[in-house]
Structures are given as structure tokens and as C-alpha cells.
């Protein structure tokens with residue numbers, strides 16, 4: 001298992017909001033970073049270069065953790081056959097005991113167990129699916145993808161990945 005660096009935000013929401021607001025009010029100038037930051041989030045140059053530790057203003061902290069890499073299985077799940085293919089891929093990761101944590105949208109019962117949903121929950125299902133999948137996709141270390149022409153969700157995820165990497 002490799003050691004990863006995780007950036008943790010200060011849990012004091014009020015403090016976090018105050019610092020961000022101060023940066024925003026100061027035209028993006030962060031006193032801690034002594035530079036202009038375009039997104040009003042303080043990521044001091046020194047902090048970005050440190051292997052671990054806390055930034056000067058206390059907003060962020062880098063912590064080394066021993067975690068298994070996170071994987072994401074993307075592909076069409078709308079037909080029975082496609083669902084079986086995604087299930088097979090997931091089962092193969094488990095069977096081979098590859099030291100990774102794999103997320104498969106097929107396995108996420110909070111969004112796929114329609115029998116236990118109220119009508120109101122079902123009305124907002126697309127938003128729940130997008131939120132769950134994008135969050136996991138964003139945090140993944142690797143993606144196994146089967147982007148097919150009719151897999152609209154997977155193609156959107158491909159666009160997200162491209163945007164995050166190249167934009």
C-alpha cells in the first residue's frame with residue numbers, strides 16, 4: 001500500500017468561511033500566501049510544495065495516510081447485459097484481491113434500490129446519482145471505463161475527467 005497525501009480542510013466552518021471571505025473581499029489577495037489567488041482559496045506556495053504540514057493561515061493541512069488507491073468503474077448500466085458486464089468487472093476486482101477500493105455505481109444501493117424509495121426521493125434520483133458518482137469519480141486514483149455511444153452518463157463522466165485534467 002502506498003502512502004498518500006490527503007489535504008484536509010479546517011473543520012471550523014466559521015473560520016474557514018471568514019478566511020475565504022477575507023480573501024474574496026481583498027480582490028483575491030491572500031495575506032498568508034502573499035500572492036493573488038484566482039479561486040479565493042488559500043493554497044500557499046510553500047504549502048503546495050510541502051510533503052505534509054499546515055498552511056500558514058490554518059485553512060488546510062496535509063496528512064500522510066496509508067490508503068488503498070480508489071478506483072471507479074464507468075460504463076453503461078441501462079441494459080441487462082451492460083449491467084451484467086459492470087457486475088462482472090466489479091466481481092473480478094474482488095476475486096483477484098487487487099489491493100484497491102473499487103466503486104461501481106451498480107453497487108451503490110442508496111441510488112439503485114428503487115424499491116425502497118419514496119416518490120419524492122425518486123423524483124430527485126438523477127441529482128442523487130450525479131452527486132454520488134461525480135464525487136467518487138473526482139476522488140478516484142484510476143478509472144476503468146467502457147465509454148459506448150449510448151452510455152450518456154459515462155460519456156459525461158469522460159467529459160468531466162477531461163475537463164479536470166486539461167482545463
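A few notes on this one:
- Options 106, 102: the member that is touching a strand residue (DSSP E or B) at 6+ places or on another chain (Cβ under 9 Å) and in a helix (DSSP H, G or I): 106
- Qualifying residue in the stretch 112-123 (condition: over 28 Å from residue 16 (Cβ atoms), over 21 Å from the mean Cα position of the chain (by Cα), in a loop (DSSP other than H, G, I, E, B) and modelled with pLDDT of 85 or more): no
- Test: residue in the stretch 124-143 that is in a strand (DSSP E or B), surrounded by 12 or more Cβ atoms within 10 Å (Cβ to Cβ) and in contact (Cβ under 8 Å) with a residue 12 or more places away in the chain: yes
- Hits in the stretch 50-71 - residues which are touching a strand residue (DSSP E or B) at 6+ places or on another chain (Cβ under 6 Å), modelled with pLDDT of 70 or more and under 30 Å from residue 92 (Cα atoms): 67, 68, 70, 71
The values are calculated or read from the model by the stated rules, or taken from the named source; none is laboratory data. On a predicted model such as this, the values are computed, not experimentally measured, just so you know. Here the Cβ is made from the backbone with ideal geometry for all residues, glycine too, and neighbour counts use every protein chain on show.
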